[in-house]
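Single-structure report; data block below.
What follows is calculated from the coordinates using simple rules that are stated; it is not laboratory data. Owing to the predicted nature of the structure, the values given are computational and were not obtained by experimental measurement. Backbone-built Cβ (ideal geometry, glycine too); neighbour counts: all protein chains shown.
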Amino acid sequence: MAPPRGAAAPAERELLSAGDVARTVARMAHQVIEKTALDGAGGPDGPAEPPPPPVLLGIPTRGTPLAHRLAARIEEFSGVAVPAGALDVTLYRDDLRRRPTRPLEETDVPVGGIDDRVVILVDDVLFSGRTVRSALDALSDHGRPRAVQLAVLVDRGHRELPIRADYVGKNVPTSRTEEVSVLLAETDGRDAVLIRGQ
Amino acid sequence: MRDLLTTDGLGHDEATAVLDTADELKRTLLGREVRKLPTLRGRTVITMFYENSTRTRVSFEIAGKWMSADVVNVSAGGSSVGKGESLRDTALTLSAAGADCVIVRHPASGAPHRLSGWLADTRTSVVNAGDGMHEHPTQALLDAATLRERLGGIEGRRIAIVGDVLHSRVARSNVHLLATLGAEVVLVAPPTLLPHGVEHWPVTTAFDLDSQLPGLDAVMMLRVQAERMHGAFFPSAREYSIAYGLNEKRLAMLPDHAVVLHPGPMLRGMEIASPVADSPRAAITDQVANGVHVRMAVLYHLLAGEEL
């Protein structure tokens, strides 16, 4: 039952349950397979030469386990092994001088690198777009990908830069003051997406 | 962190944070075409060396440049110091000229502390790159980074610092940092080369090297600093080398996993034999490589966060 009009909004609401998170990741995996033609489905002349699989790079903290999960699902559905790793963007952020010193997180570019590959950046929440901007800069110092795509579990809007995601798990209209947090078993002990109000 | 002047008083968590940053910087730069990070774009770092140095100055300069800071080198010889300008005036000048960080090496112990006091009202950080016989904190941090890498950790490891402890700022910085990080430190030196008050340091001391070797995880050899010795500290170089030099026979007495460090510059044949310095057990070139990452980490922790 919805809370009566005028009552204080619940402090915290679950946007996605653990089951929703699993289904969402699976759906995103299917979209990646389709968009990158991983299953060999080519043009009218039949199956084309399969392109080299994309490289998934998660943005720490929670992008990293998401990238690995997505890679596992993609391999499960398409039979193609997809390398997954991590790309820390801390050293490229534009707000370093506005906050206390941040610890660096793991960067782990899979063997084989990113040159001439399709790189899919993976993050938990897309908000201002500034993290993705930092990631694009970081990426260009690691090599020259053929193309860069973006996959996010939650897009909550309020972009401050001209950036959009190629794969979105769930679009969530939010107000700026709300807080969206993604919980993952690897980092938080359970899977869920929560929104904390007002 | 505003200044890095000593490792004495540097907390366990703070030191570990710097070392972790250095590890991540090393990983992220590994195998990259562009070894340059935009993190310190627009910040100015000035090195001010009043004493000879190759590795420390170059290491700081590379560290600053790889972080995209503008690095300016000032040496005592070619500057107004030669015209008689005081350290204080030089420092205030460099700060007024826009230095975000001054890295200073000075033959007088405590010079960076005075500098830090004079610059307290400015936004300029001070890093001690070696002051007299006092401290050399970034050397200790890079030694710790190398030990962590080679031994998998520092807590509970037994580490000997061997030789001219009396004149060594490297030894002082290492004693404090290694003790903070939980190592068991033993100083091995002739009694004439142990400083007064060493009984108050968090270490044990020994005069005989051979009996210590089998129980060590690492041995850090110190250079015999003839330029600071104004007196007879040992009968002859040959005798010193026989008693305290790390030769192949002594290398064989160390456990298999034990690692050999030397802060450089080495006097081959004096405190360390050439085959030992070149053996795979020696981490001396690793120390230099790690020095760049550790100094990048120090600059990151001093300059990248919000102003304090």
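Would you please state the base-10 log of I(q)/I(0) at q = 0.09, 0.20 1/Å for the stretch B:137-286, with intensities from the Debye formula using one equal scatterer on every alpha carbon?
Log10 I(q)/I(0), no solvent term: -0.23, -1.33.
Whole Å is fine, so just give me how far the alpha carbon centre of the stretch B:126-156 lies from that of the stretch B:265-288.
If we compute the Cα centre of each part, the gap is 17 Å.
Calculate one ³J(HN,Hα) per residue across the stretch A:162-169 by plugging θ = phi - 60° into the Karplus curve 6.51 cos²θ - 1.76 cosθ + 1.60, and present them in order as whole Hz with x for glycine and proline.
x, 10, 9, 9, 7, 10, 10, x
Determine how many Å³ per residue the convex hull of the Cα atoms of the stretch B:31-159 encloses. Could you put the intermediate results ahead of the total?
Numbers: hull volume 18.4 nm³, N = 129.
Measuring per residue, one finds 142 Å³ for the Cα hull of the stretch B:31-159.
Please report, largest first and rounded to whole Å, the three semi-axes of the ellipsoid equivalent to chain B, where each semi-axis is the square root of five times an eigenvalue of the C-alpha gyration tensor. Present the calculation step by step, with values, prior to reporting the outcome.
Numbers: eigenvalues 209, 101, 58 Å².
Equivalent-ellipsoid dimensions as semi-axes: 32, 23, 17 Å.
Enumerate the amide H contacts of A:Asp191 below 5 Å, restricted to partners 5 or more residues apart or on another chain; note that Pro and chain-start residues carry no placed amide H.
Counting only residues 5 or more places away or on other chains, the set is A:Ala185.
Please go through the stretch B:147-180 and write out the trypsin sites (Lys or Arg not before Pro) that DSSP classes as loop and that have at most 16 other C-beta atoms within 10 Å.
none
Give the separation of the Cα centroids, the stretch A:107-157 to the stretch B:20-68, in Å.
Cα centroid of the stretch A:107-157 versus Cα centroid of the stretch B:20-68: 25 Å apart.
Roughly how tilted is helix B:87-96, in degrees to the nearest 10 and between 0 and 90, from the longest Cα axis of chain B?
50
Which residue fluctuates most in the GNM of chain B (Cα springs below 10 Å): B:Leu177, B:Leu30, B:Leu267?
B:Leu30
Using the Karplus curve 6.51 cos²θ - 1.76 cosθ + 1.60 with θ = phi - 60°, what ³J(HN,Hα) values do you get for each residue of the stretch A:174-191, in whole Hz, with x for Gly and Pro?
Ordered by residue, 3J(HN,Hα) equals 9, 9, 4, 7, 6, 10, 9, 10, 9, 10, 10, 3, 4, 10, 10, x, 7, 9 Hz.
At most 15 other Cβ atoms within 10 Å and a DSSP loop assignment: could you name the GluC sites (Glu not before Pro) in the stretch B:4-34 that fit?
B:Glu33
With a 10 Å cut-off between alpha carbons and a GNM built on chain B, which of B:His196, B:His167, B:His262 moves the most?
So, out of B:His196, B:His167, B:His262, the one fluctuating most is B:His196.
For chain B, find the longest principal axis of its Cα atoms and tell me its angle to the long axis of helix B:55-66, 0 to 90°, nearest 10.
It works out to around 40 degrees.
Summing -39500 (n - 2.57) over the DSSP H runs of n ≥ 4 in chain B and dividing by its residue number, what mean residue ellipticity at 222 nm do you reach, to the nearest 500 deg cm²/dmol? Before the final figure, lay out each step's value.
On the way: 10 runs with 113 residues, N = 308.
Here the helix-only value at 222 nm equals -11000 deg cm²/dmol.
Over chain B, what is the relative contact order in percent, taking alpha-carbon pairs closer than 8 angstrom and at least six residues apart?
21
Using a Gaussian network for chain A with springs between C-alpha atoms less than 10 Å apart, which of these wobbles most: A:Ala26, A:Ala185, A:Ala37?
Comparing A:Ala26, A:Ala185, A:Ala37 in the GNM, the peak value goes to A:Ala185.
Using only Cα atoms and rounding to the nearest 10 degrees, what angle (0 to 90) does helix A:130-142 make with the longest principal axis of chain A?
Around 30 degrees separate the two axes.
DSSP loop trypsin sites (Lys or Arg not before Pro) in the stretch A:103-198 with at most 13 other Cβ atoms within 10 Å of their Cβ, which ones?
Taking the stretch A:103-198 and a limit of 13 other Cβ atoms within 10 Å, the loop trypsin sites (Lys or Arg not before Pro) found are A:Arg146, A:Arg164, A:Arg176, A:Arg190.
Grab the eigenvalues of the alpha-carbon gyration tensor for the protein assembly as shown, scale each by 5, take roots, and send me the semi-axes largest first in whole angstrom.
The answer is 51, 27, 22 Å, longest axis first.
When B:Lys36, B:Lys83, B:Lys65 are ordered from fewest to most other Cβ atoms inside 10 Å of their Cβ, what list results?
B:Lys83, B:Lys36, B:Lys65
Taking H as built 1.01 Å from N, whose amide H comes closer than 5 Å to the amide H of B:Ala69, not counting residues under 5 places away?
So B:Ala69 has HN proximity to B:Leu40.
To one decimal place, what orientation-averaged projected area in nm² is obtained for the convex hull of the Cα set of chain A?
Mean shadow area of the hull around the Cα atoms is 13.8 nm².
When A:Thr36, B:Thr285 are ordered from fewest to most other Cβ atoms inside 10 Å of their Cβ, what list results?
Fewest-to-most ranking of A:Thr36, B:Thr285: B:Thr285, A:Thr36.
Among A:Thr24, A:Leu66, A:Ile163, whose Cα projects farthest towards the positive end of the dipole of chain A, with charges put on the beta-carbon of Lys, Arg (+1) and Asp, Glu (-1)?
Going by the charge dipole, the pick is A:Ile163.
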